[in-house]
Amino acid sequence: MTIYPAIDLYEKKAVRLLRGDYAQMTIYSDDPPAVAKGFRAAGATHLHVVDLEGARDGKPANFDVIERITAESGLVVQIGGGIREMETIEKYLALGVSRVILGTAAVSKPGFLKEAASKFGSAIAVSADIKDGLIALKGWTEVSDQELMSFCRVIEDLGVQTLICTDISKDGLLEGTNMELYETLRKELGLYIIASGGVSTLDEIKTLASWGVDGAILGKALYTGVIDLAEAVNSVK
């Protein structure tokens with residue numbers, strides 16, 4: 001399993017939201033590249049980045065910070081948030097980002113998703129963020145009528161290889177993740193599965209790894225010291 005420490009960007013700062021609520025935002029650092037370098041020093045090899053303004057507004061707003069993170073950290077970076085045009089994907093990949101994550105566009109523009117998956121292959125991932133079993137959109141500010149498993153089977157048929165799935169109700173609470181969700185996804189899909197949202201113990205990480213879940217994103221648990229990144233990385237080696 002790969003551990004993905006997370007940096008959520010808002011106004012060029014590293015922040016965390018509570019259950020995706022922009023009104024419940026905590027600022028952790030005004031130097032995100034330094035945070036990324038700290039993650040690498042702790043043993044991380046990969047990094048998950050979200051442009052929160054981009055996710056909400058549909059227009060990426062932190063290219064310069066993401067370029068610095070990618071250039072300075074030495075980590076394998078995946079980025080999501082407001083990526084709804086082919087030229088945006090190309091711009092991120094040109095910065096050195098390794099994987100681009102489509103969320104809202106994966107639901108609203110299936111033709112675009114199919115084209116992106118065909119053109120860029122494993123460099124494209126889909127983020128399925130769920131609220132009461134349905135896919136949420138636009139930085140979690142809206143909910144679609146798409147049910148999770150049917151959506152996952154559609155994107156698999158379109159050629160997508162990687163799924164990042166977040167149960168919004170668990171995100172940022174430090175009360176544990178939705179383990180049943182990831183067990184089901186691993187059993188029923190042939191996708192590369194990354195768990196996200198509420199992962200807050202080493203036992204959860206080890207169990208997810210034992211089920212064959214491919215990655216786990218760690219956010220608030222790292223920033224608050226609930227999980228030690230070095231221990232998390234070592235636990236799944």
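Provide the percentage of antiparallel DSSP beta bridges, counting only those with both residues in the chain; round to the nearest 5.
Rounded to the nearest five, the antiparallel share is 30 percent.
Could you grab the relative contact order for the range 1-133? Cα pairs under 8 Å, six or more apart, rounded to a whole percent. Numbers along the way, then the final one.
On the way: 232 pairs, mean separation 25.2, N = 133.
After rounding, I find 19 percent.
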Exercise for the section: Take the alpha carbon gyration tensor of the chain, find the square roots of its eigenvalues, order them as a ≥ b ≥ c, and report rounded if a/c is under 1.5; if not, report prolate when a/b exceeds b/c, else oblate. Expected result: rounded
Completion exercise
Rg/Rh over Cα atoms for the range 175-237, Kirkwood Rh, comes to 0.95
Fill in the blank from the handout: Long-range amide H partners of TYR4, meaning residues 5 or more apart or on another chain whose placed amide H is closer than 5 Å, are ALA216, ILE217, LEU218
Completion exercise
Per 5 angstrom bin, beginning at 0 and ending with the bin that holds the maximum distance, the Cα pairs of the range 105-191 fall in percents of 3, 14, 25, 24, 19, 10, 3, 1
Exercise for the section: Provide the FRET efficiency to the nearest 0.05 for the GLU231-THR26 pair, computing r from the beta carbons and using R0 = 25 Å. Expected result: 0.65
Handout entry: Candidate lysines - alpha carbon under 29 Å from LYS13, same-chain residues fewer than 8 apart omitted
Key = LYS37, LYS59, LYS91, LYS131, LYS138, LYS170, LYS220
Exercise for the section: Quick one: pull the percentage of alpha-carbon pairs in the range 1-69 with a separation above 15 Å. Expected result: 51 percent
Exercise for the section: Can you tell me the order of 204-213, 45-54 when each peptide is scored by its average per-residue count of other Cβ atoms within 10 angstrom, highest first? Expected result: 45-54, 204-213
Problem - Extension gain from THR201 to ARG153, taking 0.36 nm per residue of separation minus the Cα-Cα distance - result: 14.3 nm
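Can you give the relative contact order of the range 140-237 as a percent, counting alpha carbon pairs under 8 Å and 6+ residues apart?
Relative contact order for the range 140-237 comes out at 25 percent.
Every read-out reported here was derived from the displayed coordinates using simple, explicitly stated rules and does not represent laboratory data. For clarity, every value in this text was computed on a predicted model and none was experimentally measured. Cβ atoms come from the backbone with ideal geometry, glycine included; neighbour counts cover every protein chain shown.
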